[in-house]
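Below: one structure, written as structure tokens.
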Amino acid sequence: MTSRVTRAGARVRGVIRSRSFRLTARIVVAGGVLVAIAARVGAGPFLHGLLSLDAPAIGAAIVLYAVATTAAAWRWRIIAARLGLGLPWSMAMRMYYRSQFLNSVLPGGVVGDVHRAAVHGRDTESVGAATRAVVLERTAGQAVQFVLAVVIVASSGAEFGGFLPPAIGIGLAVLAALAVSALAAGWASARVRRALRHEAAEFRAGLGSPAVSAQVVAASVVVVGCHVAIFAIATRSVGASVPPMQLLTLAFVVLLAASIPVNIGGWGPREGVAGWAFAMAGLGASTGVSAATLYGVLALIAAVLGAVVARLAHLISGRNHRDRQAACDAELRHLPRRIPRLGRPSEARPVEPSGLRPGG
């Protein structure tokens with residue numbers, strides 16, 4: 001009986017740890033959130049967000065998204081270089097745009113980053129270091145965004161009736177408690193302790209230098225600032241009039257929700273938290289859902305366009321390189337097969353002790 005229970009428990013743990021279960025759980029949770037939002041506010045806010053799309057908003061979002069992607073690619077290159085990995089600018093931009101596109105259309109929001117790490121690892125023949133570079137790059141960006149969000153929310157809590165900071169504080173306390181519990185459980189294993197020490201050493205290698213850390217923080221601030229600006233554009237486009245400081249706080253709260261890896265192409269928690277936060281600000285849940293919807297559409301358009309342009313630029317560059325190589329090969333083929341001799345070599349004659357040939 002005991003062995004049967006043990007085997008059943010092992011099978012359950014295997015299912016829970018499987019990739020398909022995690023993917024299914026993310027889809028179910030994100031889909032449930034979207035269904036709950038639609039049941040609460042209806043489909044109108046989603047349609048209003050889509051219909052608020054216009055050319056000026058798209059143009060501004062494309063420019064801001066390009067700046068954010070450039071800063072993020074710079075951050076990635078800095079960390080990759082610290083870990084001894086080469087990463088040209090063109091490759092970093094192309095792969096980062098592609099990863100953002102995949103994150104925008106696939107469940108979980110991290111598939112693009114996994115693909116980016118795998119491709120870079122294959123190209124550099126160092127999958128482990130490439131994976132650590134991507135993890136460090138994403139972790140650093142999320143950490144900077146989290147710190148900025150805490151500062152902004154703490155400084156503007158009075159504008160939300162004092163309700164928003166405690167609510168977010170409770171949520172963060174729950175997440176911290178879960179993280180501490182997981183670390184405490186893992187620390188009991190010697191294998192986990194070795195893995196944690198190894199990852200801590202890799203983290204210090206990637207961000208140990210003050211100059212490198214300052215550059216990574218600066219790049220992360222640019223990335224967050226561009227996405228906050230895109231959300232502000234989306235909020236204005238749906239017709240909401242929000243004071244600047246309040247809009248800044250709402251943007252950070254929504255962006256934090258968007259980073260939760262339980263979504264369907266970015267959709268789910270972002271819209272739910274946006275509706276809740278806007279309602280707490282007295283702006284109405286429908287306005288928040290509309291703004292979050294338009295933000296998601298603008299980000300998707302910018303990611304798709306950037307990925308297509310980066311891919312085309314790569315193809316054109318590769319074609320030009322092949323054309324130059326073909327032209328060089330053609331020139332080599334038209335060269336004479338043999339270089340004509342200028343004359344017959346003189347016959348070898350003995351050298352006298354003085355170093356001169358006879359008669360020379």
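Being modelled with pLDDT under 90, more than 11 Å from the chain's Cα centre (by Cα) and open to solvent by less than 30 Å² (accessible area, probe 1.4 Å) narrows it down to one of 84, 108, so name that one.
Going through 84, 108 in turn, just one is modelled with pLDDT under 90, more than 11 Å from the chain's Cα centre (by Cα) and open to solvent by less than 30 Å² (accessible area, probe 1.4 Å): 108.
Hey, residue 145 hits all of (1) touching a Lys or Arg at 6+ places or on another chain (Cβ under 7 Å); (2) open to solvent by 20 Å² or more (accessible area, probe 1.4 Å); (3) of a type outside the set (Lys, Arg) but one; which does it fall short on?
Here residue 145 meets the rest and fails (1).
When you go through (1) part of a helix (DSSP H, G or I); (2) touching a Ser or Thr at 6+ places or on another chain (Cβ under 9 Å) one by one for residue 85, which number turns out not to apply?
The number of the failed condition is (1).
Residue under question is residue 73, and the condition is that it be farther than 29 Å from residue 27 by Cβ, crowded, with 21+ Cβ neighbours inside 10 Å and under 14 Å from the mean Cα position of the chain (by Cα); does it hold?
Here the answer is yes, as residue 73 does meet what is asked.
Can you pull out the residues in the stretch 270-287 that are in contact (Cβ under 8 Å) with a residue 60 or more places away in the chain and open to solvent by less than 10 Å² (accessible area, probe 1.4 Å)?
271, 275, 277
Against the definition (under 16 Å from the mean Cα position of the chain (by Cα), within 27 Å of residue 137 (Cβ to Cβ), touching a residue at least 60 places away in the same chain (Cβ under 8 Å) and open to solvent by 40 Å² or more (accessible area, probe 1.4 Å)), how does residue 300 come out, yes or no?
yes
Which members of the stretch 258-269 meet the condition of being surrounded by fewer than 21 Cβ atoms within 10 Å (Cβ to Cβ) and either without any contact (Cβ under 8 Å) to a residue 40 or more places away in the chain or over 14 Å from residue 298 (Cα atoms) (or both)?
259, 260, 261, 262, 264
Looking only at the stretch 111-134, how many residues end up being within 11 Å of the chain's Cα centre (by Cα) and either crowded, with 19+ Cβ neighbours inside 10 Å or modelled with pLDDT under 90 (or both)?
Of the residues in that region, 6 qualify.
When the stretch 43-63 is examined, which residues are found to be touching a residue at least 24 places away in the same chain (Cβ under 8 Å) and assigned to a loop (DSSP other than H, G, I, E, B)?
Residues satisfying the conditions are 52, 53, 54.
Among the candidates 288, 268, 239, which residue alone is touching a Gly at 6+ places or on another chain (Cβ under 9 Å) and at positive phi?
Just a single option satisfies the conditions, and that option is 268.
The values are calculated or read from the model by the stated rules, or taken from the named source; none is laboratory data. As the structure is a computational prediction, the values presented were derived from the model and not from experiment. Note that each Cβ is placed from the backbone with ideal geometry, even for glycine, and that neighbours are counted across all protein chains shown. Surface areas here come from the heavy atoms of the whole protein model, side chains and all, with no ligands, DNA or RNA. Shrake-Rupley method; radii C 1.70, N 1.55, O 1.52, S 1.80 Å.
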